[in-house]
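All of the numbers you see were taken from the coordinates with simple rules; none came from a lab. These numbers come from a predicted model, not from an experiment. Quick reminder, even Gly has a Cβ in these numbers, built from the backbone with ideal geometry, and neighbours come from all protein chains shown.
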Amino acid sequence: MSELPPDLPRLRTLETYLRLQLARVEQQIRHLEDQSRTQKPSPAPVPPAWLAEYDISAQHRLFQIHTGDCRMAGHRVKPIDEAAARRGVVEAGACQFCRPDTALGVLE
């Protein structure tokens, strides 16, 4: 059984309504496409200069210091400033891959 009306006048009315709805959808698509062409992509976020990595213990002790773009940094990291990075290198140590101690000029 069809859900469409059985007579021509109501089918024509439905056709007109659907054409109007389709025109509105197409207009919105054009608007969003135009908008996306004029918008500039947002710049990538700038990574922090230094990261402090903490261990998995309940005390969350400082584990080691990384440069902000180090791919070996774990998930338990927080951005820190240069002074805190210097203290952290002396207290906990530096990542052996990104060597923030060299970048900071700190000898262990």
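Assorted remarks:
- Complete set of residues in segment 1-14 that are surrounded by 10 or more Cβ atoms within 10 Å (Cβ to Cβ) and assigned to a helix (DSSP H, G or I): Arg10, Leu11, Arg12, Thr13, Leu14
- Subset of segment 70-89 (residues that are of a type in the set (D, E, K, R), in a helix (DSSP H, G or I) and surrounded by fewer than 18 Cβ atoms within 10 Å (Cβ to Cβ)): Glu82, Arg87
- Qualifying residues in segment 15-64 (those that are more than 21 Å from the chain's Cα centre (by Cα), of a type in the set (A, V, I, L, M) and outside any helix (DSSP H, G or I)) - the one farthest from Leu104 (Cα to Cα): Ala58
- Among residues of segment 58-85 that are more than 16 Å from Thr102 (Cα to Cα), those with a beta-carbon under 7 Å from a residue that is of a type in the set (D, E, K, R) and not in a strand (DSSP E or B) at least six positions away or on a different chain give the pairs Arg61/Asp55; Leu62/Glu91; Phe63/Asp55.
- Test result for Arg99, out of contact with any His (no Cβ under 9 Å at 6 or more places or on another chain) and on the phi > 0 side of the Ramachandran plot: yes
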